[in-house]
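Remarks on the structure that follows.
Read-outs: derived from the displayed coordinates by stated rules, not from any lab. From a predicted model like this one, the values you see are computed outputs, not experimental measurements. Neighbour counts run over all protein chains shown; Cβ positions are idealised from the backbone, glycine included.
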Amino acid sequence: MPARAAVTGPAAMTASSFPGSPASVASAPSRARWARLLPTPTGTPFTFGYLLVLAATSLFMTYADPRTVDEVLSASSTDVAHLARTPLLVLGASALWVVDGFASPYVFGFALVLTALERRIGGWRTAGVFLLGHVVATLATEIPVGLSVVAGHLPRSSLHRLDYGISFGLMASVGALAGLLTPWLRALVLGGVGAILLNDLLRLADPLADWGHPLALLLGVACGPLLRRAGGGGGSPG
C-alpha cells in the first residue's frame, strides 16, 4: 500500500475552495495589485491605446515592403531638414514608431512606466509629460546639429539623420513617475536608470540620443513637484 493516499471527494475541499472564504478574500487584493501593473482600456486608456498604435506600426515595419518602410520612417524622422519644413507633423509621426519594433525592451518599459504613471495622474497629464519629453529633448538635440552644419562643423548630410522613436517620452515619464514614489523607491529608480544612461554616455554610440535621454529624464523629474501639487492620484480605477 502507498504510504500516503490521495483524498478525494468532499473531504478534499478546503476553506480556500469556497469563493467567500477568508483565504479566497485575502488573495483577491494581491491579484488586484498585480493586475494594476497592466494597462487596460478603462483604467489607462492613453497607455492602452498608444500600445495598440505601436503594435500596428511594428507589424507594418516587420511585414511591409522594406522600401516602403524606409520611405515612411524617413518621412517621420525628426531630422533638422524635416523639422525646418514640417515640425508638427514629424514631431507627432516620429513618436509612433519603436526602434527594433514591438520586441524592443522600450515597449516593456513603456507599458510598465506609463501604466503606473497614468494610474496616478490620469491620461491627459501622462500624455503631457510624454509629449514634453519627446518634443523638448528632440529639439534640444537636433537644433545644435543644424547650427553646427551652418557653422561648418558638421557635413550637410547630418541634416537628414534618421531620428524617430519613443525613448525621449519614456525617459520623461520615468522621471515624472519617480517624483511620485516614496524617497527610497525614487532613489532606486533614478539611480538604476541614471547608471544605464551614464554608461551610454561613456560609450557615446549614438551621441544625440545619449544626451537626449538624460535631458528628458531631468524634464520628467522637474515635473514631479507640479504633478504632486496637482494631485498625484488622479488616475481612474480599473
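At a glance:
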{"item": "Sites A195 and W124, calculated FRET efficiency, Cβ-Cβ separation with R0 30 Å, nearest 0.05", "result": "0.40"}
{"item": "Kirkwood hydrodynamic radius of segment 136-238, Cα pairs, Å", "result": "15.2 Å"}
{"item": "Listed residues S94, A116, Y164: farthest to the positive end of the dipole of segment 86-238 (Cβ charges)", "result": "A116"}
{"item": "Approximate spin-label separation A140-F108, in nm, with each point projected 7 Å along Cα-to-Cβ", "result": "2.8 nm"}
{"item": "Computed Rg/Rh of segment 59-175, alpha carbon atoms with Kirkwood Rh", "result": "1.01"}
